[in-house]
Amino acid sequence: MSHKWRPATTFVHGGTTRSHHGETSEAIFLTQGFVYDSAEAAEARFKGETDGFIYARYASPTNDMFEKRMCALEGAEDARATASGMAAVASAILCQLKAGDHIVAARALFGSCRWVVETLAPKYGIECTLIDGRDLGNWERAIRPNTKVFFLESPTNPTLEIVDIAGVARLANQVGAKVVVDNVFATPLFQKPLELGAHVVVYSATKHIDGQGRCLGGVVLSDKQWIDENLHDYFRHTGPAMSPFNAWTLLKGLETLPLRVKQQTENARRVADFLADSKKIAKVIYPGRADHPQADLIAKQMSGGSTLVAFEMKGGKAAAFALQNALEVVKISNNLGDAKSLITHPATTTHKNLTDEARAELGISDGTVRLSAGIEDAEDLIADFERALETVSA
Ligand SMILES: *Cc1c(COP(=O)(O)O)cnc(C)c1O
């Protein structure tokens, strides 16, 4: 009865089922299909009269364990594991919309998520309005009679802005729209969008859920009715299914997520405090610091800070590059949520496809740097930054 467990227990045991061998670790079922005892049994399975698997594009045992563990963590009734985070996002958005519908989305989105709503959806006649999601008034003003989906990410990438999920959900419920939350930055440990009133939660499991840089994955979670009416057929027939091997890797990742994320968050906080005192840094944005502009909202909707830190080098791009090149423990990589500390310069990497104006709207300047804190010793990370900052002029 996983729903009675506290999170740390659910991260380890939620959703586990065992074969007749009674294996300790979850088994990997690398099988495309399943055999039936008789033609009648196959018929009954296809009619839905008996439980069981049919084809790995629809569902399979290891994926089922991963989905059930995620459901237990999120308080969701049902889920579908996908091959990547983007497969989860694209499926969650497109499965519930048709030509003539309208999306309102917070403009501070992961690059590919923004492409899905801003560029892909309009090709199919689905209109999209992008807003500054921090102001609830913007959500309300963007509503049209055909608005069906509100889409947001909180905290956002890379400038760690916060959207009031409960507030957006209240507005959505007034007009019968569904709120889809990309909860990657908050992790399943620190924010529960469904409890805040959101209807659908999506993850890139590639990030903290794997947490060790090994494989891609994603998941869409919601209530049973929404999945049955929207995602079930879309998922079966368009085929974004996760590999069972990846589902197994991600089950292993979930076991240690709380330990990793707590350590990463503590490291991020300590590095953020150190960077805030540097004369070469104009500002530090960290959701766990009292000087975050939305500290009150963070306290209300999150139970922890963040494994990410954004900061602004006074010396612009040259200083941001010099800093990255001088770091030794911290690696230059656009990934995040990893056990290894990773640093990136959004303007030239993750957000290079945006116009200068769009970047400015998001608060991304040439001096903006994003750190994803790993699980190393915080003292070594601080020493790495201290030494690297000395090499940066101005
Ligand atoms: C990485 C990421 C995605 C996309 O996930 P992939 O697994 O890379 O496809 C979506 N949203 C956010 C916030 C992310 O960080």
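Six or more apart or on different chains, Cβ atoms under 8 Å: show the pairs whose first residue is in segment 220-246 and touching a residue at least 12 places away in the same chain (Cβ under 8 Å) and whose second is of a type in the set (A, V, I, L, M, F, W, C) and exposed (fewer than 15 other Cβ atoms within 10 Å of the Cβ).
Close Cβ pairs (under 8 Å, with a partner that is of a type in the set (A, V, I, L, M, F, W, C) and exposed (fewer than 15 other Cβ atoms within 10 Å of the Cβ)) amount to PRO244/LEU30; PHE245/LEU30.
I want to confirm something. Restricting to segment 172-201 and keeping residues that are open to solvent by less than 30 Å² (accessible area, probe 1.4 Å) and either modelled with pLDDT under 95 or among the small types (Gly, Ala, Ser) (or both), which single residue is nearest to PHE66 (Cα to Cα)?
My answer is ALA186.
Show the residue pairs that are 6+ apart or on different chains and have beta-carbon atoms under 8 Å apart, the first residue being within segment 104-125 and within 20 Å of LYS352 (Cβ to Cβ) and of a type outside the set (Val, Ile, Thr), the second being modelled with pLDDT under 95 and open to solvent by 60 Å² or more (accessible area, probe 1.4 Å).
These pairs meet every condition: ARG107/GLU361; GLY111/ASN353; TRP115/ASN353.
What number goes with the only condition from (1) touching a residue at least 40 places away in the same chain (Cβ under 8 Å); (2) more than 14 Å from the ligand (Cβ to nearest atom); (3) surrounded by fewer than 22 Cβ atoms within 10 Å (Cβ to Cβ) that GLY48 does not pass?
The failed condition is (1).
Need a quick list: helices (runs of 4 or more DSSP H) entirely within segment 202-320 having at least 1 residues that are touching a His at 6+ places or on another chain (Cβ under 7 Å), within 16 Å of the ligand (Cβ to nearest atom) and modelled with pLDDT of 95 or more. Spell out the reasoning first.
Numbers: elements: 232-238, 244-276, 295-301.
Passing ranges, in order: 244-276.
Scan segment 164-184 and report the pairs whose first residue is farther than 21 Å from VAL89 by Cβ and part of a helix (DSSP H, G or I) and whose second residue is modelled with pLDDT of 95 or more and hydroxyl-bearing (Ser, Thr, Tyr), with Cβ atoms within less than 8 Å and a gap of 6+ or a chain change.
Hits for this filter: VAL175/THR147.
Please work out if PHE29 is at pLDDT 95 or above and in contact with a Phe, Trp or Tyr (Cβ under 6 Å, 6 or more places away or on another chain). Spell out how you get there, then give the answer.
Numbers: at pLDDT 95 or above: yes; in contact with a Phe, Trp or Tyr (Cβ under 6 Å, 6 or more places away or on another chain): no.
Answer is no for this residue.
Look at segment 365-378 and say how many of its residues are open to solvent by 10 Å² or more (accessible area, probe 1.4 Å) and either in contact (Cβ under 8 Å) with a residue 60 or more places away in the chain or closer than 23 Å to GLY213 by Cα (or both).
Initial filter on segment 365-378 (open to solvent by 10 Å² or more (accessible area, probe 1.4 Å)): 365-366, 375-377.
Still in the running and either in contact (Cβ under 8 Å) with a residue 60 or more places away in the chain or closer than 23 Å to GLY213 by Cα (or both): 375-377.
Matching residues across segment 365-378 total 3.
The values are calculated or read from the model by the stated rules, or taken from the named source; none is laboratory data. Since we're looking at a predicted model, the values are computed, not measured. Counting neighbours? That spans all protein chains shown, and the Cβs are built from the backbone with ideal geometry, glycine included. Remember, those area values only see protein heavy atoms, side chains included, never the ligands or the DNA or RNA. Shrake-Rupley method; radii C 1.70, N 1.55, O 1.52, S 1.80 Å.
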